[in-house]
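Here's the structure, in structure tokens; my notes come after.
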Amino acid sequence: MANGLPACVLAAGPSLDQVIPYLKEIKKRSILICVDTALKSCLREGVEPDFILLVDPQYWNTRHIAGLSSPSSVMITELAAYPSVFRFNCREIILCSSLYTIGKYFENICGKKGQLGAGGSVATTAWDFARFCGCNEIFMAGLDLGFPFKRTHSKGCFFEERTHKMSNRLNPAESANVGYLFGADIAISKDYLGNPLVTDNRMSMYAWWFESKVASFPGQPTFSFTHNSLSIPGIKPYSLQDFLLRPEENEKRHNFFEAEKKSKTNFVSEAESRKINFSKALTSILDDFSQMYEVAKKGQNLCQKVLKAQGKITFESLYSEIIPQLDKIDKSIMSSASAEVISLVFPTEQQLEKIISAQPSPNNPKAESIYKTKVIYSELMKGIKGY
């Protein structure tokens with residue numbers, strides 16, 4: 001635990017540029033936590049953060065760290081991250097609990113990693129990690145949640161550089177920036193200085209998350225070094241110059257990371273048991289998938305049997321006979337331990353309707369119901385094959 005040690009969380013808003021020149025001094029007085037989007041700006045200043053947070057599984061998020069190296073940093077990520085993240089050159093990679101169902105399935109057998117908050121932005125997770133570390137104060141930098149200086153990101157980050165690389169005489173970078181600024185439902189709010197700030201509804205949701213979480217942990221107050229950021233109730237502005245007048249915390253930083261090393265002793269010694277648990281989890285989910293596949297296949301065959309009897313005298317009696325069996329199959333599928341895992345790749349209701357309407361369905365309402373049920377079983381089997 002970081003007893004008496006503050007944390008500084010670096011987000012990638014435009015106002016981060018005001019803080020970047022002071023990173024070396026900030027790091028001497030705090031634990032430096034950086035979101036993936038801000039890493040390039042941080043490294044350009046010659047500062048490797050103590051921790052890097054990357055929890056979004058999308059490919060485009062890997063572009064923020066592509067080609068970069070931070071050998072002294074610890075990467076905090078989750079199981080669903082894009083594979084190249086796990087090849088990033090850093091001191092070590094530590095997993096937090098997964099936000100996704102298949103990760104949760106494995107964790108239930110292999111052991112929990114530790115849940116970090118998810119408010120829709122990696123900055124929310126970074127703030128929660130600082131709180132999890134036990135930091136007595138949390139200082140945010142670049143958490144703009146708006147567009148100060150009519151810009152979208154700090155200088156040098158992937159999004160900003162990509163805009164310039166793709167610009168040309170007929171489509172300059174300014175055109176792309178205007179698209180970002182006015183592409184969502186814009187709103188005018190206030191920064192910490194009371195000045196108007198352009199923001200949007202999505203960022204307002206992030207602000208609400210911070211407001212509610214900060215209020216829940218009054219013993220770990222949160223401040224903002226960047227006063228051009230969106231003013232969030234509960235987060236107070238703090239003078240960066242006043243922070244830099246504080247004494248350096250080299251001893252506390254040393255003790256924090258020494259304690260971190262000691263806590264890994266049991267983790268390393270339990271490597272063999274973790275491998276056994278992982279094998280159990282893998283065998284378990286494959287067995288669940290196989291059982292669910294066979295159950296869905298049985299349901300599909302029953303549906304096919306009824307549909308073949310359309311127009312025949314046996315249809316009604318066959319329909320009445322099979323409905324209880326299909327109900328039993330549905331209950332078996334829904335009670336499966338891997339049902340939630342499969343739901344991740346199962347079509348949405350809208351996609352399902354599109355699949356159903358692509359083929360001519362029966363005119364008989366009962367037969368139509370059976371036809372739709374058959375499609376659901378077929379899609380379920382496809383999802384299991386996909387896994």
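Taking the listed residues Ile26, Ile33, Ile52, the one that is of a type outside the set (Lys, Arg) and assigned to a helix (DSSP H, G or I) is Ile26, with no other qualifying. Open to solvent by less than 40 Å² (accessible area, probe 1.4 Å), under 34 Å from the mean Cα position of the chain (by Cα) and modelled with pLDDT under 95: which single residue out of Ala259, Ala281, Ala309, Ala296 fits that description? Answer to the selection: Ala281.
Residue-wise test of (1) part of a loop (DSSP other than H, G, I, E, B); (2) touching a Lys or Arg at 6+ places or on another chain (Cβ under 7 Å); (3) at pLDDT below 95.
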residue	(1), (2), (3)
Val198	no, no, yes
Arg202	no, no, yes
Met205	no, no, yes
Trp209	no, no, yes
Gly219	yes, no, yes
Phe223	no, yes, no
Glu248	yes, yes, no
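Criterion applied to Ser84, Ser72 was being surrounded by fewer than 16 Cβ atoms within 10 Å (Cβ to Cβ), without any contact (Cβ under 8 Å) to a residue 60 or more places away in the chain and in a helix (DSSP H, G or I), and the one residue passing it is Ser84. Cβ-Cβ contacts under 7 Å between residues 6 or more apart (or on different chains), taken from a first residue in the range 127-139 that is modelled with pLDDT under 95 and surrounded by fewer than 19 Cβ atoms within 10 Å (Cβ to Cβ) to a second residue that is among the polar types (S, T, N, Q) and not in a loop (DSSP other than H, G, I, E, B), are absent.
Wholly within the range 314-387, which helices (runs of 4 or more DSSP H) include no fewer than the required count, namely at least 3 residues that are closer than 26 Å to Pro57 by Cβ?
Result: 339-343, 349-357, 365-386.
Applying the set (1) buried (at least 20 other Cβ atoms within 10 Å of the Cβ); (2) in contact (Cβ under 8 Å) with a residue 24 or more places away in the chain; (3) not in a helix (DSSP H, G or I) to Ala123 leaves exactly one unmet item: (3).
For every residue, the table says whether it meets (1) charged (D, E, K, R); (2) open to solvent by 40 Å² or more (accessible area, probe 1.4 Å); (3) farther than 26 Å from Ser15 by Cα.
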position	(1), (2), (3)
Thr199	no, no, no
Met203	no, no, no
Phe225	no, no, no
Arg246	yes, yes, no
Glu272	yes, yes, yes
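A single member of Ala281, Ala259, Ala271, Ala207 is free of Cβ contacts under 8 Å to residues at least 60 places away in the same chain and of a type in the set (A, V, I, L, M, F, W, C), and it is Ala271.
The values are calculated or read from the model by the stated rules, or taken from the named source; none is laboratory data. The shown structure was predicted, so the numbers you read here are calculated from the model rather than taken from an experiment. Ideal geometry is used to build each Cβ from the backbone, glycine not excepted, and the neighbour counts take in all protein chains shown. Please note that ligands, DNA and RNA were not included when accessible areas were found on the heavy atoms of the full protein model with its side chains. Shrake-Rupley method; radii C 1.70, N 1.55, O 1.52, S 1.80 Å.
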